[in-house]
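Down below is the structure, laid out as structure tokens.
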Amino acid sequence: MKCVERFIAGVAGAVCITISTAGISQTFPAKPLRMILALGGGAEVLARLVAQKSGESLGQPMVLETQSGAGGAMGAQMVARAAPDGYTILFAASNSQIYHAFLSRSVLYDPIKDFTPITRIGQAVLCVVVNPAAPFGSFKEFTDYARRNPGKVSFGTSGIGTTHHLAAELIKQLAGIDMVHVPYKGGGQVLTDLVGGQIPMAFTILATALPHVKAGKMKIMAVVNDRRYHTIPEVATLREMLPGFEMPPGWMGLFGPAGLTTPVQRRLNTELAKALNHPDVRLKGDELGMAMDTSTPEELAAELKRDIGTVSRIVKAAGIQPE
């Protein structure tokens, strides 16, 4: 008889837990949410639109707050310390979630243990551009020239340890060439110096390069992403021309603090993915040169772990040291 009573009590407890868990997803959210943007530049335009559409989908306003200091680490740290109730989420990129751990000696959060993945957003389309006066115009001409002239080809990026920098380091390793890195504090000056002839080649975001390309001041030599981009389908990827090349992490994603309940995580994934796939958001993504691509929380978690390993290998081979 006691065994039967214990069984009934156990079933009743399980039912209560199920009802309680289901109730969370039905009542959430009950108040406005905050989206912390750990990025700067054009991403803010996209994030603001995503926050607006997400708020409409969730039935509660979503307020955007920009905290892009220290390469996004300030915003990431803020969310890592937030209450795990789903009302504070992080709009971040691989800069804060991966690269920061390899470039800074004072990392105050763990990119895996301190966050709950929600969904991937997509990634900026990166490209390799050259000055029309450079002694090479195609990728093959570039690698041939670099082999004949070791250490004489310079390339510009938006900084040490960025996706752009690591892409160049991977090219050096796979193609067996030597180039000189010229790091800048931002992407704007990179293109200014490329147009001016101070550097022959640069790694940059497609959206910022296109006006110069259309004006005939630079040429796109290759797409860094693993797939060709639909607005410039004629431009091949580095992966097509250099066997073994895979774009270093350059994605953006949405995260919550560690400890989000599964129902809240699922609700956020569903509604945020709905907002990200809204025609207005996808159109804005195209305007900004963003390849939009949502995911399940599990897919984002797996990508994060895989990419940490990828960056670790490239950084170690290139001898990049944290500051």
Test for ALA215: is it assigned by TED's automatic domain parsing to the domain that holds GLU141, at negative phi, surrounded by fewer than 20 Cβ atoms within 10 Å (Cβ to Cβ) and not basic (Lys, Arg): yes
Count of residues meeting criterion [part of a loop (DSSP other than H, G, I, E, B) and closer than 23 Å to LEU170 by Cβ] in the stretch 188-214: 2
Any chance PRO84 is assigned by TED's automatic domain parsing to the domain that holds THR296, touching a residue at least 24 places away in the same chain (Cβ under 8 Å), in a loop (DSSP other than H, G, I, E, B) and surrounded by 22 or more Cβ atoms within 10 Å (Cβ to Cβ): no
Residue tally, condition among the aliphatic types (A, V, I, L, M) and under 16 Å from the mean Cα position of the chain (by Cα), over the stretch 75-93: 5
Filter result for LEU283 (assigned by TED's automatic domain parsing to the domain that holds ALA93, farther than 24 Å from VAL195 by Cα and at pLDDT 95 or above): no
Single match in VAL213, VAL235, VAL264, VAL195 (criterion: in contact with a Lys or Arg (Cβ under 6 Å, 6 or more places away or on another chain), of a type in the set (Val, Ile, Thr) and either farther than 15 Å from GLN123 by Cβ or free of Cβ contacts under 8 Å to residues at least 24 places away in the same chain (or both)): VAL195
Search result, residues across the stretch 226-283 that are small (Gly, Ala, Ser) and either buried (at least 19 other Cβ atoms within 10 Å of the Cβ) or closer than 26 Å to GLY59 by Cβ (or both): GLY250, GLY253, GLY256, ALA258, GLY259, ALA273, ALA275
Test for ALA168: is it under 25 Å from ARG227 (Cα atoms), free of Cβ contacts under 8 Å to residues at least 40 places away in the same chain and not aromatic (Phe, Trp, Tyr): yes
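Every residue in the stretch 35-70 that is outside any helix (DSSP H, G or I) and more than 20 Å from the chain's Cα centre (by Cα), please.
Selection gives GLY59, GLN60, PRO61, MET62, VAL63.
Being over 22 Å from the mean Cα position of the chain (by Cα) and surrounded by 20 or more Cβ atoms within 10 Å (Cβ to Cβ): is that true of PHE142 here?
Considered against the rule, which asks whether it is over 22 Å from the mean Cα position of the chain (by Cα) and surrounded by 20 or more Cβ atoms within 10 Å (Cβ to Cβ), PHE142 comes out as yes.
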Helices (runs of 4 or more DSSP H) enclosed by the stretch 215-323 - at least 1 residues per element that are touching a Leu at 6+ places or on another chain (Cβ under 6 Å) and within 22 Å of ALA80 (Cα to Cα): 262-276
Matching residues in the stretch 147-165 - criterion: being assigned to a loop (DSSP other than H, G, I, E, B) and charged (D, E, K, R): LYS152
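The values are calculated or read from the model by the stated rules, or taken from the named source; none is laboratory data. Treat the numbers as computed from the prediction; the structure is a model and nothing was measured. Using ideal geometry, Cβ is built from the backbone for each residue, glycine included, and neighbour counts are taken over all protein chains shown.
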